[in-house]
Amino acid sequence: MMAKKSLYKVFGLVFCLLIYFFSNAETIFSEETKFSILDNKLSQPESEKLQDKNFSEPILDKYDSLALQAKRIDVKAHPDEVIAILSPHARSAENKSNAFYNNLALAHKAKKNYSLAIKFYEMALKLDPNNSRTHHNIGIALYRKREAKLALYHLKKAKELGIKDSKNDEWIKGVSKTLGIPVD
């Protein structure tokens with residue numbers, strides 16, 4: 001009888017730790033890490049998923065799940081579909097997903113609605129000010145809106161944050177040339 005009670009306490013403790021871990025998943029896993037892990041696992045056949053005993057999926061909140069759903073759509077070919085999925089949830093105070101706002105901004109950028117794209121990139125940056133990809137994307141949208149100085153700031157910030165995209169350097173050179181500024 002005592003062994004059963006001790007066993008229940010251990011299971012209870014483990015359950016509490018799992019709840020804590022998954023409720024803090026957004027601080028433990030970056031947005032991109034969560035999505036790449038899930039994308040890899042979702043594309044695996046069920047038989048391989050069952051064999052991978054060491055894998056535990058982070059629990060995504062509603063907004064991260066919507067962002068993942070939108071990410072699977074070719075945003076350049078179907079921006080209206082992405083907007084239809086994400087827009088109804090864009091004003092929610094509970095929404096703390098950088099990926100959500102970044103995907104919504106990409107869809108608006110694809111439709112050449114740069115003002116809305118910039119608005120959503122700014123919301124994404126409020127949630128994750130050190131996201132190099134978001135700085136890169138807002139830089140391009142700002143340039144398209146003829147705000148070259150601010151565009152250059154964000155493109156340089158993306159480089160400073162370590163973006164792994166050679167096109168960012170090309171953008172910096174091009175915007176600098178437009179402004180008549182020598183490239184460092």
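Readers should treat all values here as calculations from the given coordinates under stated rules, not as data from a laboratory. Only a predicted model underlies this, so the values are computations on that prediction, with no experimental measurement involved. Using ideal geometry, Cβ is built from the backbone for each residue, glycine included, and neighbour counts are taken over all protein chains shown.
Charging the Cβ of each Asp and Glu at -1 and of each Lys and Arg at +1, and nothing else, the dipole of segment 66-184 about its Cα centre rounds to 240 debye.
Annotation: amide H of Asn95 has no partner in the under-5 Å range at sequence separation 5 or more or interchain, hydrogens built in the peptide plane. Across segment 99-106, rounded Karplus estimates of 3J(HN,Hα) from the backbone phi angles (6.51 cos²θ - 1.76 cosθ + 1.60, θ = phi - 60°) give 4, 4, 5, 5, 5, 5, 5, 4 Hz, Gly and Pro being marked x. When a/c reaches 1.5 or more, the comparison of a/b and b/c decides; with that in mind, is segment 142-184 rounded, prolate or oblate per its Cα gyration tensor? Prolate. Mind running the shape call on segment 58-102? Use the C-alpha gyration tensor, a ≥ b ≥ c as the square roots of the eigenvalues: rounded below 1.5 for a/c, prolate if a/b tops b/c, oblate otherwise. Since a/c reaches 1.5 but b/c is at least a/b, the shape of segment 58-102 is classed as oblate. Residues in segment 175-180 carry Karplus couplings, in order, of 5, 4, 5, 4, 7, x Hz; the curve used is 6.51 cos²θ - 1.76 cosθ + 1.60 with θ = phi - 60°, and Gly or Pro positions show x. Spherically averaged projected area of the convex hull of Cα atoms, segment 59-184: 7.7 nm². Phi angles across segment 124-133 convert, under the Karplus curve 6.51 cos²θ - 1.76 cosθ + 1.60 with θ = phi - 60°, into 3J(HN,Hα) values of 5, 5, 4, 7, 8, x, 9, 8, 5, 5 Hz, Gly and Pro given as x.
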